[in-house]
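The values are calculated or read from the model by the stated rules, or taken from the named source; none is laboratory data. Since the model is a prediction, treat every value here as computed from it, not as a measurement. A quick note on method: Cβ atoms are made from the backbone with ideal geometry, for glycine too, and the neighbour counts reach across all protein chains shown.
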Amino acid sequence: MRPAIWLAVWLASTSTLEAQEFRPKGSGIPAAEVDKAIQRGLGWLKSVPPKSGVPTSRSEDTNELVLYTLLHGGLPAGDPVLADYLKHVVDREPDRVYNAALGAMALGKLDRAGYQWKLVQEAQFLLDNQCENGQWAYGSAVEPGKAPGDWVTWKGSPYGAKYPPNYKPGSSKSSGRKIAVLQRARVSKVGDNSNAQYAALGLRACAEADLLLDPRCLQDALRWWEGDQEKDGSWGYSRGEDDSGRATMTAGGAGSVVIYRWMLHKAWADEPHIKRAMEWLDANVSGKLPKWHIYYLYGLERVGMLYGTDRIGSHDWYDEGAAWLIKNQAANGSWRNVADTCFAILFLRRATAPLPGVATPGGGGDK
């Protein structure tokens, strides 16, 4: 189908959803105690300078994650630390799935209309790095090619100027400009569920910036997640390598299924794959900490906010996780390293926005 025809069909099938969004309940932990932990974490995080270039170690490749966290920490746009991170993120050409996804999330939060041109670039990278089976691997740079208005190859300075020539954005909530992004290729046969869950987050951010993403990509991603789930409701890391159920991948898988079903306008509140995943998390994880536990807690926060629930089984996921994080924060305000500090702050902030236009499926937030 030609792009113009595909865009018309997609626009015709897309309607604005107006159902009430999920709002989480108040925490049993005093707000001042939570905020103190967040501010201490932010203070330590601000002392860590951005990484220049593209770090060779993936564990050091955290600029996009830090920017996203600083924005949720409430730093104003003019803060010099935030501006420094913003420059690195906007001026970076997409080359890794984690970073493209987190970059899209950060810029979408900062100004999804003003940075819509950069979100087109991130979206094109994510679509073109989908694996043949619907997953994502770490990704690799792709040829920019042509995008609407040739935006993909344009950027300004010092932080990456907001608007390409002759571009007229809309409001900060909606660009007022629908842009189709088509998948041009796929780069490998298989990937892993860690990269795949972050791709879902990045694609959601792009969709909320009025980018109309190739439905084949979304359908294949959803098909992968639903087909890869174990019979007990869990997900592993990568089929054929170590596919035993992991808490980190199960939380990420459930959240990804919610996102893709939402983007494809499919019902999800009582969807069996998600319900079985939540049951597995309750039976196998709640009340104890799995390996990679802070990474897991951020995944738990996402699925709690996306699914719209204050409890997983009999457990209050937020209060239990927040209590552990506050107790285990280092004297200098960090949690072990940059990535874990970001994950901890994002959890404590309940940073994941509920999906717009979806009803709470039964989690019980204060209305």
Item to check | Cβ-Cβ under 7 Å pairs, at least 6 apart or on other chains, the range 64-75 side touching a residue at least 40 places away in the same chain (Cβ under 8 Å) and under 10 Å from L102 (Cα atoms), far side among the β-branched types (V, I, T) and surrounded by fewer than 22 Cβ atoms within 10 Å (Cβ to Cβ) | outcome: V66/V338
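Conditions (1) modelled with pLDDT under 90; (2) polar (S, T, N, Q); (3) touching an Asp or Glu at 6+ places or on another chain (Cβ under 9 Å), marked per residue:
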| residue | (1), (2), (3) |
| --- | --- |
| W268 | yes, no, no |
| V285 | yes, no, no |
| L289 | yes, no, no |
| I294 | no, no, yes |
| V303 | no, no, no |
Item to check | Residue check for K155: at pLDDT 90 or above and more than 24 Å from L264 (Cα to Cα) | outcome: no
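Check the range 86-107 and report whether any residue there is loosely packed, with under 14 Cβ neighbours inside 10 Å and in a loop (DSSP other than H, G, I, E, B). Steps first, answer last, please.
Here is the first cut: in the range 86-107, the residues loosely packed, with under 14 Cβ neighbours inside 10 Å are none.
Taking every residue of the range 86-107 in turn, none turns out to be loosely packed, with under 14 Cβ neighbours inside 10 Å and in a loop (DSSP other than H, G, I, E, B).
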